[in-house]
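One structure is given here, and the rest of the page talks about it.
The values are calculated or read from the model by the stated rules, or taken from the named source; none is laboratory data. Quick caveat, the model's predicted, so the values are computed rather than measured. Every residue, glycine as well, gets a Cβ built from its backbone with ideal geometry; the counts of neighbours run over all protein chains shown. Calculation scope for accessible area: heavy atoms of the full protein, side chains included, ligands and nucleic acids excluded. Shrake-Rupley method; radii C 1.70, N 1.55, O 1.52, S 1.80 Å.
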Amino acid sequence: MQPPSERAVAAPGNTPLAQARTGGPSGSPEDGASGRRFDGETDHLRIWRSEDFREQALHWIAVQLAGGHTPVPVHGPLSLHRVRFWSAVFTVETGRGRLWFKAANPGQAFEAALLQELARLVPGHVISPLAVDTVRGWLLLPDGGTVLAGEGESTAAQWRGLLEQAARMQADLAPHGEELQLAGLPVLRADQAEHYAAGMIEDLAMLPASHPQHLSAAQACLLEAGLSSAAGAFRALDESGIPHSLQPNDVTLRNAFRARNGAGLRLFDFGDAFWSHPFAALQLPLRMAAGSWPDPAPPDDAVVQRMRRSYLSQWPAVEGDIRRVLEGADRLASLHRCESWRRLLACTHPEALGTRTPRLADWLADALRPASQS
């Protein structure tokens, strides 16, 4: 259960998640009955690929690097590394070597302020940005070297080490909910999960039949039938005795470097994050290591069991049935994935995704699946 101070910080209607439901504090146009939006108007891919954008970004980088005690020159243009509708990543050569520039979809623009705050609170766990623009969601990052996924074929030892460090980072951040939420970290806790899922089902069912996120009456009823089973798992998770913390929602081997000084790992990429139960962070690494992503990992998979034990070894004993608690964490992570996609889609023109439209109902179905499939 959350302490009174956290309940005050995350009061309904005053959290980043609540503001996302209404399009922000000013109240943008609504697509759903609750105020959630499912479509935007911006073609981010076109903007990020434009010369005008590159010129603006390069000017900003040059200004940031020139402002220190020892100005750093920029030697080359921005080189596009990857562009998706959720973010664009570029490299640029400078007097201190290659640097990385990231521009986020407005649905994840909070990442700039969040990473800046994480670098202050837990510098031994994350990559520290060289500069951020918290309004535009821009990040200038040092080159961390080769990510774990680039070291060759992934190993169970890599996954266990990553999960152990992620757990230590989460434990260190548990007392800092107010600071992280003030930095823009969205909130979706276990005690909010059933209400969130029910409201999302209602919203999707009310969308026009032509909308890619529309739920038919039969589909909505099928999802609603899973609410009661999921509610018990969410309750077990909420009563587990483990404090809320950062849920990075993207703990993978491609999002971590080995520290150059040999002191552990440095994590990055927090645009999908939430303030929630920390155990929800297990979903992605367990499913990926088992080779089942995006589907649930086999419960008897030996690699998954060892990874889970490594992660749990960093936490105090859980109150209640650990199996039920972990089931609740996995279900909650699916709601986090659903909301993460929704907040990105809400800021993007539906014909400018550049990929298949992520279907929110698929993640609702995963969160509300029958108990026999957990």
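Some points to look at:
- Between the exposed loop cleavage positions of the chain, defined as GluC sites (Glu not before Pro) in a non-H, G, I, E, B DSSP state with at most 13 neighbouring beta-carbon atoms within 10 angstrom, the longest gap is 154-318.
- Positive-end ranking of Ala236, Ala183, Ala289 along the dipole of segment 181-339, with charges on Cβ about the Cα centre, is headed by Ala289.
- Cα→Cβ-extended label distance, 7 Å offset, between His69 and Trp293, nm: 4.1 nm
- nm² value of the averaged projected area, convex hull over the Cα atoms of segment 100-190: 7.1 nm²
- Cut-off 11 Å between beta-carbons: net charge of the residues surrounding Ser276, Lys and Arg +1, Asp and Glu -1: -2
- Percent carbon-and-sulfur accessible area, segment 154-194, ignoring ligands, DNA and RNA, probe 1.4 Å: 46 percent
- Projected label points at Asp172 and Glu153, each 7 Å from Cα along the beta carbon direction, are separated by 3.3 nanometres.
- Within the shell of other residues whose beta carbon sits under 9 angstrom from the beta carbon of Glu179, the net charge comes to -1, with Lys and Arg scored +1 and Asp and Glu -1.
- A full extension of the chain between Ile322 and Arg96 corresponds to an added length of 76.5 nm, given 0.36 nm per residue minus the alpha carbon distance.
- Remark: the chain carries 43 Å² of accessible area per residue (probe radius 1.4 Å; ligands, DNA and RNA excluded).
- Cut-off 12 Å between beta-carbons: net charge of the residues surrounding Ala233, Lys and Arg +1, Asp and Glu -1: -1
- Computed 3J(HN,Hα) for segment 186-191, one whole-Hz value per residue from the Karplus formula 6.51 cos²θ - 1.76 cosθ + 1.60 where θ = phi - 60°, is x, 10, 8, 8, 4, 6, glycine and proline marked x.
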